[in-house]
Amino acid sequence: MIKKWLGTILLIIVSYLLQTTLFFHIKLANVIPNLLIVVTVSIAYTRGQKDGMITGLLCGLLSDCVFGSVIGLHGFIYMFIGYLCGLSNIIYWKHNFSVPLILVGVSDCVFGFLCFAFEFLLRGRLDILYYFRTVIIPEAVYSMLVAIVLYRIVCLLNRFTCPEHEEEDF
């Protein structure tokens, strides 16, 4: 149990550092992939709702401390995404690689829309099509490309830290 959460916290910290340092200099279409969404979705998909919610809350609060204008907004959104993606743990087979990629894309779009709604729409900025075209869709695609590698790392982490998930991983 402790080994599982230490590995998860280490993965969150490394993903955060990569997102804010390395990927900041490797922008595609002037966007950075949201690695914290990828981690939240991957943990939720492989471990379930409870672990997805806790991971989402940790990722969201870390994101709030640096990127957010209000503490707790990203934490709530990430936790909500972790819960919803954790529902797929029961339904889908873990070796199906396309489901987590689709979940990352949809989750990134939901995250972008909710951030737009709470941070811009409430202040009267109504150009949602421009925001979708320039920020949300390119970030979702870039996050899906990075998720191909990061999801495998999460599966390897689960193999070493969660013996109950060993038969489900790659």
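The values are calculated or read from the model by the stated rules, or taken from the named source; none is laboratory data. Predicted model, so just to flag it, every value in this text is computed and none were measured. Every residue, glycine among them, receives a Cβ derived from its backbone with ideal geometry; neighbour counts consider all protein chains shown. Ligands, DNA and RNA are stripped out before the accessible areas are found, and what is left, the full protein with its side chains, is counted by its heavy atoms. Shrake-Rupley method; radii C 1.70, N 1.55, O 1.52, S 1.80 Å.
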*Quote the relative contact order of segment 1-87 in percent (integer), defining contacts as alpha-carbon pairs under 8 Å separated by 6+ residues.*
27 percent
*In what sequence, largest accessible area first, do Leu18, Leu103 appear using a 1.4 Å probe?*
Leu18, Leu103
*Can you pull the percent of segment 1-146's accessible area that's carbon plus sulfur, 1.4 Å probe, other chains left in place?*
75 percent
*Tell me, what ³J(HN,Hα) does each residue in segment 5-17 have, in order and in whole Hz, if you take phi through Karplus 6.51 cos²θ - 1.76 cosθ + 1.60 with θ = phi - 60° and put x for Gly and Pro?*
6, 5, x, 5, 5, 5, 5, 5, 5, 5, 5, 4, 5
*Report His74's accessible area, 1.4 Å probe, all protein chains in place, as a number in Å² to the nearest 10.*
10 Å²
_Phi-based couplings in Hz for segment 131-139 (Karplus 6.51, -1.76, 1.60; Gly and Pro marked x)_ = 5, 5, 6, 9, 10, 5, 5, x, 5
_Rounded accessible area per residue of the chain, 1.4 Å, Å²_ = 52 Å²
_To make sure I understand the rule: partners must be lysines, Cα under 27 Å from the Cα of Lys94, and not fewer than 8 residues away in the same chain. Which ones qualify?_
Lys3, Lys4, Lys50
_Give me the dipole magnitude in Debye, nearest 20, for the chain about the Cα centre, with unit charges on the beta carbon: positive for Lys and Arg, negative for Asp and Glu._
180 debye
*Only helical DSSP H runs with n ≥ 4 go in: add -39500 (n - 2.57) per run for the chain, normalise by residue count and round the 222 nm mean residue ellipticity to 500 deg cm²/dmol.*
-23000 deg cm²/dmol
*Ignoring everything but the protein chains, give the 1.4 Å probe accessible area of Leu28 in square angstrom, nearest 10.*
90 Å²
_Taking θ = phi - 60°, what integer Hz values does the Karplus form 6.51 cos²θ - 1.76 cosθ + 1.60 yield along segment 82-96, in sequence order, with x for Gly and Pro?_
x, 5, 5, 6, x, 5, 6, 4, 7, 8, 9, 7, 5, 7, 6
_Centroid-to-centroid separation of segment 1-21 and segment 40-114 [C-alpha atoms, Å]_ = 15 Å
*asked:* Run the Debye formula on the Cα coordinates of the chain, all scatterers equal and no solvent, and tell me log10 I(q)/I(0) at q = 0.10, 0.12 1/Å.
replied: -0.34, -0.50
*Which of these, Tyr16, Tyr131, Tyr151, has the largest mean-square fluctuation under a Gaussian network model of the chain (Cα springs below 10 Å)?*
Tyr131
_Full-extension gain between Phe160 and Arg123, please, as 0.36 nm times their residue separation minus the C-alpha to C-alpha distance._
8.7 nm
